[in-house]
1. If you rank H47, H196 by how much accessible surface each has, with a 1.4 Å probe, what is the order from largest down?
2. When the chain is modelled as a GNM with alpha-carbon springs shorter than 10 Å, which of M279, M29, M59 fluctuates the most?
3. Would you check the accessible area of I9, probe 1.4 Å, heavy atoms only, in square angstrom rounded to 10?
4. For L215, what accessible area in Å² do you get when you roll a 1.4 Å probe over the heavy atoms of the protein chains, rounding to the nearest 10?
5. Using the 2.2 N^0.38 Å rule of thumb for compact globular proteins, work out how the chain stacks up: its C-alpha Rg over that value, please.
6. Largest first, how would K302, K327 line up by accessible area (1.4 Å probe)?
7. Ignoring ligands, DNA and RNA, how do R6, R46, R40 rank by accessible area with a 1.4 Å probe, largest first?
8. When ligands, DNA and RNA are left out and all protein chains stay put, how many square angstrom of accessible area per residue does the chain have with a 1.4 Å probe?
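The values are calculated or read from the model by the stated rules, or taken from the named source; none is laboratory data. Being a predicted model, the structure only gives us computed values, none of them experimental. Only protein heavy atoms, including side chains, enter the accessible area calculation; ligands, DNA and RNA are left aside. Shrake-Rupley method; radii C 1.70, N 1.55, O 1.52, S 1.80 Å.
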Amino acid sequence: MRNSIRAAITGVAAYVPEYILSNAELEKMVDTTDEWIVSRTGIKERHILKGEGKGTSVMATKAVEELLAKTHTNPLDIDLIICATTTPDMQFPATANIVADKVGAKNAWGYDLNAACSGFLYALTTASKIIESGSANKVVVIGGDKMSSIIDYSDRSTCVIFGDGAGAVLLEPTQEDIGIIDTIMRSDGSGRIHLHQKAGGSAMPATHDTVTHKLHYVYQEGQAVFKFAVTNMADVAEQIVTRNQLTPETIAWLVPHQANKRIIDATARRIGIDDSKVMINIERYGNTTNGTIPICLWEWEKKLHKGDNIILAAFGGGFTWGAVYLKWAYNS
Ligand code: ACO
């Protein structure tokens, strides 16, 4: 038993929508090929949320409902919900509030956190500090995005990359030697010029012109972002591994944000682990932004064992990036 409190992930769930957008279908929509997409990104298909009026909360709610059921958690016992998303249902209220309402978490407070693709790690870090302070016992951290709502499906450089999906974890306090042990979170706002959504915020509210000029979609200078992503995600993963005296042998899993298979490979190489210890599902989901890491944990849950050393790493718009070191808390 340790004296101090740590936050441990005690359950994970996720939801991806049914509709699958394949590379073959994209070949009919824009000037691209399956070969280009697979060789440059590793993506074969992605899931898309279809239907009028359906936002990120639809997927997040399904993930949280599954999470509560499998962890036998009464929604009234949830203290806090943090929803990491770049595509909230609305500018306000927060998607976290909408999800809380839908799942019956009537005693929870909650908010959205926006750090693009690093949002889930930012939220996990924040939630773990709140638990360590003793002011919350059951915190739900959601990572989810309906990226299809801000993607221009006539722009081949972005539409092949992104998909929709959401995942959620339950965090609870522990005094055992498990849970979230270390986090390194970084940001550099000067990187905003390379990756952003120009209109729809307070700097450029929606007008007929912004719609006509397609300013509500993701703007990305792919190569510039790639250069920063590949360096920073690998750097921060290496830093957290080194300062916790971990070695390739003692690391059970690397869980990287799924933006590009080449960025994932570079991060794995830097910390010296081979593919068999890296969670990679980008080929089936693409980049679901805040969803990638919890969706990976959900898919691999049965292979995780109590005490496993796990490194999470992400890079995203902002720029934002970070890494988390945790010891898995349960056998499923
Ligand atoms: N099909 C065919 N050709 C294409 C496509 C496509 N889908 N997209 C672009 N091309 C072309 C370009 O037009 C260009 O042609 P040109 O040489 O004639 O001008 C050529 O392919 C090369 O384009 P690049 O942009 O240099 O391609 P690159 O190898 O860099 O791959 C990609 C692009 C996949 C976007 C890559 O740069 C990348 O992964 N960047 C990082 C993305 C990332 O990590 N984002 C952060 C997280 S996202 C978030 O936070 C919301």
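1. Result of the area sort, largest leading: H196, H47.
2. Evaluated over the chain, the most mobile residue of the options is M29.
3. The accessible area of I9 comes to roughly 10 Å².
4. About 40 Å², rounded to the nearest 10.
5. 0.94
6. Sorted by accessible area, descending: K302, K327.
7. R40, R6, R46
8. On a per-residue basis, the chain sits at 43 Å².
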